[in-house]
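Asker: The structure is given below, and queries will be raised subsequently.
The values are calculated or read from the model by the stated rules, or taken from the named source; none is laboratory data. These numbers were taken from a predicted model, which means no experiment stands behind them. Cβ atoms come from the backbone with ideal geometry, glycine included; neighbour counts cover every protein chain shown. Side chains are part of the model used for accessible areas, which takes the heavy atoms of the whole protein and leaves out ligands, DNA and RNA. Shrake-Rupley method; radii C 1.70, N 1.55, O 1.52, S 1.80 Å.
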Amino acid sequence: MTVSDLGWSAGRDVPKGDVSDWKDGASMAGHPLGGVRVLELATGIAGPYLGKMFADAGADVVKIEHGAGDPMRGWSASGARADSDSALFRYLNTSKRSVVADIAGAPVADLAARADVIVIGDGLRCAAAGEPTAARIAELARSLHDAHPQAVVVAITPFGLTATGEDQEQPVTEFLLQALSGSTAGRGSPQGPPLAAGGRIGEWATGAYAAVVALAALRGARRDGIGDLVDVSMLDCMTVILGGLSVVGPTVMGTPPAAAGNPAASSRVPELPSIEPTQDGLVGFCTVTAQQFQDFLLLIDRPDLIADEDLARLPNRYARREEFLAAVHAWTTRHTTEEIIELAAALRIPASPIGSPRTVTGIDQFTAREVFIPNPRGGFFQPRTPYRFGQFRGRPPAPAPTLGEHTGTVAWPARTASAGASGPAGGTGPASDAGPAADAGPAGGRPLPLADLRVLDLTAFWAGPSATLLLGSLGADVIKVEGVSRPDGMRFSGGKPPSEENWWEWGVMFLATNPNKRGISLELTDPQALDVARRLIAASDVVIENFSPRVLPNLGLGWDTVRAANPAAVLTRMPAFGLDGPWRDRTGFAQTMEQASGMAWLTGTADGPPLIPRGACDPIAGLHAAFATLVALAERDRTGTGALVEATMVEAVLNVAAELTIEYTANGAELVRDGNRGPVGAPQGVYRCAGPDHWIAIAVTDDTAWERLRELLGRPDLAAGSDLAAENDLATAAGRRRAHDRIDAAIAAWAAPRDRDDAAAELTAAGVPAAPVVPAADLRTSPRHVTRGFFEPLHHPVVGEHPMPGVAFRLASHPGPLLRRAAPMFGQHDEEVYGGLLGLSAAEIQALRDRGLIAHRPAGV
């Protein structure tokens, strides 16, 4: 299938990169990151996606390859064969240059000496070392950092540069990292095995995470004249993105972990309702609040069920799922998907069509906003850049390079800038004194990269707070604003009941996503608060919000107001579906975006409905919004003028889920969900061990690992001379896929009597890629998280001291903890911010309190 088959012209509205841009390496100098030089020594998905994000913003990205080049050139998730480079490679490497060279040779050393950012990562090929281990990548990262102190060196590895022992040597896949991150254990039904999320979400998210930290570190390097070593752990990133944050519940509330014999800590309860059949297909619902569920019952013409308090709780609803789903399907199957979505929108119930390979490019919101564009070389669709500001819509994409296309032609001139020089990613200083929250590093040490920035945080729930948490962890002074009448709804989720004192301080996800911030109250719905809000804007570099599009203008805080208060401010808006288009005013949650984007399509069993990955879209959107904000700040530093940034959440998710669309429009192949099986490993699956809900994950990625597994299993029927092996050619991945059911049965029989951790250790020792499936509640004692120091103790005045999930990066310039303060109590820093930052007197602050504009506690509690 080609682009023309779908009625598109291969050249439709896609500007071609001018080859003259490449002649002197100063590609796209007029773009926000024009002049930034990125040396990409990474293959696979995570590192190249970082490079793509930089290239989309105008950076000159030079990809170093060796031999046959990046293995992604020949990759297809469907197994489709291409005469040229794969479609996924061409998407990930849009607007880059390719140089074939030995990493240890003089040409690479010369480029590294002149680079701003050097990216190395899992999948790196080295002529001297063959297939590199994590230990080799760590060695390369440290040597590059030592040899090129001016550069920001970004190392992306499965467990971080602090990994020890076999974690430095053994192969690992996304499937195994999901098992270790707490993600897999929480997905699926209690009656079946845990399920991994499809689509290699963690690798894409790690690339976006690393891109944010890299751009922030570059900002710090431009300010100080000194580079840094950024150490990104894929496991830590997946823990943050794919569900591991739920560990905060048992940590704070004192629930026993699964390892202590608490079966509830590892149970799986699917959402109901979620993805349901309609008259003409499928529709997705999201009813995460009590009001949404009550409105849903009205939608399906069952108001009588509102009085059934038992159904209000998801575990009880799941226990009565046959009865409940019968009522749901009796209504949904009488209506078309379009009819249901329109009726749900009228009740403000998040609902969505289910994006699939065939349908996602035709969803009306995506076509109205021209989200999908033809690849610049033609042949398939790819998502465009998921943010825009001013006249910038992302760099006009140039075709991905052929192998070695630019060998011998890249000549970056020597840098002449001195320490403190500004540039495309450099800082111009904070809007005003940073204040006590910008505790940017050890006493007398180098400031954290974003220590010169102040962020006014108007966000709530998870997507926006995840963006500002990362900015705060990188040194920004983040001031979180909560309304007196409408505080962040996460305060009321998963904590203590209203009968408890200060119960609003116990929201577990609020505690997880809001460290490193100061918290103030301000009732923005009251016009009297506008003057205070304008003064806060004037003292800030960034204002960020994730309301629905109509809210900010209705509050009197639209772009014109922000620009008038501070012409240099960047206003980042995070609408669910965009500031225009037919879905503009629809309510959107992460579940909705997972349903619409196609991400859910790839998760679940082959004979069941799609399953949502469970929340990954929120932090993924937050990462892209944080990156877009830093890109806009780079432009602000260059021009002196702020900008309105539109960082649309679902469009960020569509970039991460791009393979589904690319594979279909390039090859006509429909990627499908298949339980725990997938294109990377064969066999691949999770297998029950002795103990309550204990499982191991196995992913055999090559024929050598298969032989080792076969020997360990000791099954003659799987041996090379057996009938099964002869019929299916088990020595090949294709043959093992044909016999997957028989192989699964053999592995299941081997695993069943064994202890989970002992079985994983035995497999790993034999050279078989394997990992325990770790419930989120057990992550705080997981050896890899403990070794990494992922959990950092924070003291909260109400909740007390608890280990909280940290960040997925480390900086050589800041080896200590990066969580510096607990999530704020409601209005905790009112006096500090209004008095210390805005200069209000005690009497003026009390007057705000008397008028109900600020408060020590939310209204009505």
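Asker: Of the numbered conditions (1) open to solvent by less than 10 Å² (accessible area, probe 1.4 Å); (2) under 17 Å from H785 (Cβ atoms), D167 satisfies every one except a single condition; which is it?
Answerer: Condition not satisfied by D167: (1).
Asker: Still on this structure, I have one more. Search segment 268-291 for residues that are open to solvent by 30 Å² or more (accessible area, probe 1.4 Å) and pair each with any residue that is assigned to a strand (DSSP E or B) and at pLDDT 95 or above when their beta-carbon atoms are under 6 Å apart and the residues are at least 6 apart or on different chains.
Answerer: The qualifying pairs are L282/I275.
Asker: Being assigned to a loop (DSSP other than H, G, I, E, B), over 23 Å from R754 (Cβ atoms) and either touching a residue at least 60 places away in the same chain (Cβ under 8 Å) or open to solvent by 60 Å² or more (accessible area, probe 1.4 Å) (or both) is the filter here, so list the residues in segment 706-730 that pass it.
Answerer: A720, G721, D729 - these are the residues of segment 706-730 that are assigned to a loop (DSSP other than H, G, I, E, B), over 23 Å from R754 (Cβ atoms) and either touching a residue at least 60 places away in the same chain (Cβ under 8 Å) or open to solvent by 60 Å² or more (accessible area, probe 1.4 Å) (or both).
Asker: Look through segment 269-286, keep the residues that are in a loop (DSSP other than H, G, I, E, B) and of a type in the set (A, V, I, L, M), and return whichever of them is nearest to A185 (Cα to Cα).
Answerer: By that ranking, first place goes to V269.
Asker: Under 6 Å between Cβ atoms, which residue pairs at least 6 apart in sequence (or on different chains) link something in segment 654-669 that is polar (S, T, N, Q) with a partner that is assigned to a helix (DSSP H, G or I) and open to solvent by less than 20 Å² (accessible area, probe 1.4 Å)?
Answerer: Sorted first by the residue in segment 654-669, then by its partner, the pairs are T661/V360.
Asker: If a residue must be β-branched (V, I, T) and either modelled with pLDDT of 95 or more or surrounded by 23 or more Cβ atoms within 10 Å (Cβ to Cβ) (or both), how many such residues does segment 673-701 contain?
Answerer: 4
Asker: If you don't mind, there's one more thing I want to ask. May I ask you to list the residues in segment 798-809 that are open to solvent by 30 Å² or more (accessible area, probe 1.4 Å) and in contact (Cβ under 8 Å) with a residue 60 or more places away in the chain?
Answerer: Within segment 798-809, V798, H802, P803 qualify.
Asker: Among the residues of segment 539-550, what is the count of those that are open to solvent by 40 Å² or more (accessible area, probe 1.4 Å) and farther than 18 Å from T629 by Cβ?
Answerer: 1
Asker: Also, I was wondering about something else. Could you grab the pairs with beta carbons closer than 7 Å, sequence gap of 6+ or different chains, first residue in segment 333-356 and farther than 17 Å from Q591 by Cβ, second one open to solvent by 80 Å² or more (accessible area, probe 1.4 Å) and outside any helix (DSSP H, G or I)?
Answerer: T333/Q279; R334/Q279; H335/Q279; T336/Q279; T336/D280
Asker: Still on this structure: So if I check each of L848, L779, which one is farther than 21 Å from L530 by Cβ, aliphatic (A, V, I, L, M) and crowded, with 18+ Cβ neighbours inside 10 Å?
Answerer: Exactly one of L848, L779 is farther than 21 Å from L530 by Cβ, aliphatic (A, V, I, L, M) and crowded, with 18+ Cβ neighbours inside 10 Å, namely L779.
Asker: Of everything in segment 370-391 that's modelled with pLDDT of 95 or more and open to solvent by 20 Å² or more (accessible area, probe 1.4 Å), which residue is nearest to N667 (Cα to Cα)?
Answerer: Going through the qualifying residues, I end up with I373.
Asker: Does P397 satisfy being more than 24 Å from the chain's Cα centre (by Cα), crowded, with 16+ Cβ neighbours inside 10 Å, at negative phi and at pLDDT 95 or above?
Answerer: So P397 fails the test.
Asker: Please determine whether any residue of segment 348-366 is open to solvent by 30 Å² or more (accessible area, probe 1.4 Å), at pLDDT below 95 and on the phi > 0 side of the Ramachandran plot.
Answerer: The answer is yes; a qualifying residue exists.
Asker: Consider L654 carefully, then state whether it is out of contact with any strand residue (DSSP E or B) (no Cβ under 7 Å at 6 or more places or on another chain), at pLDDT 95 or above and assigned to a helix (DSSP H, G or I).
Answerer: In short, no.
Asker: Just to be sure before I move on: is G735 over 34 Å from the mean Cα position of the chain (by Cα), open to solvent by less than 20 Å² (accessible area, probe 1.4 Å) and closer than 26 Å to E663 by Cβ in the structure I sent?
Answerer: Yes.
Asker: For segment 589-639, which residues satisfy the criterion of being part of a helix (DSSP H, G or I), among the polar types (S, T, N, Q) and closer than 24 Å to F461 by Cβ?
Answerer: Q591, T592, Q595, S597, T629
Asker: Turning to a different aspect of this structure: Is it the case that some residue within segment 810-830 is open to solvent by less than 10 Å² (accessible area, probe 1.4 Å), in contact (Cβ under 8 Å) with a residue 24 or more places away in the chain and within 22 Å of T184 (Cα to Cα)?
Answerer: no
Asker: Could you figure out which of (1) within 28 Å of V786 (Cβ to Cβ); (2) modelled with pLDDT of 95 or more; (3) surrounded by fewer than 20 Cβ atoms within 10 Å (Cβ to Cβ) isn't true of T162?
Answerer: Going through the list (1) within 28 Å of V786 (Cβ to Cβ); (2) modelled with pLDDT of 95 or more; (3) surrounded by fewer than 20 Cβ atoms within 10 Å (Cβ to Cβ), T162 breaks only (2).
Asker: Could you tell me which numbered condition A460 fails, if it satisfies all but one of (1) open to solvent by 30 Å² or more (accessible area, probe 1.4 Å); (2) at pLDDT 95 or above?
Answerer: (1)
Asker: Could you list all residues from segment 303-338 that are within 30 Å of D364 (Cα to Cα) and open to solvent by 70 Å² or more (accessible area, probe 1.4 Å)?
Answerer: R334, E338
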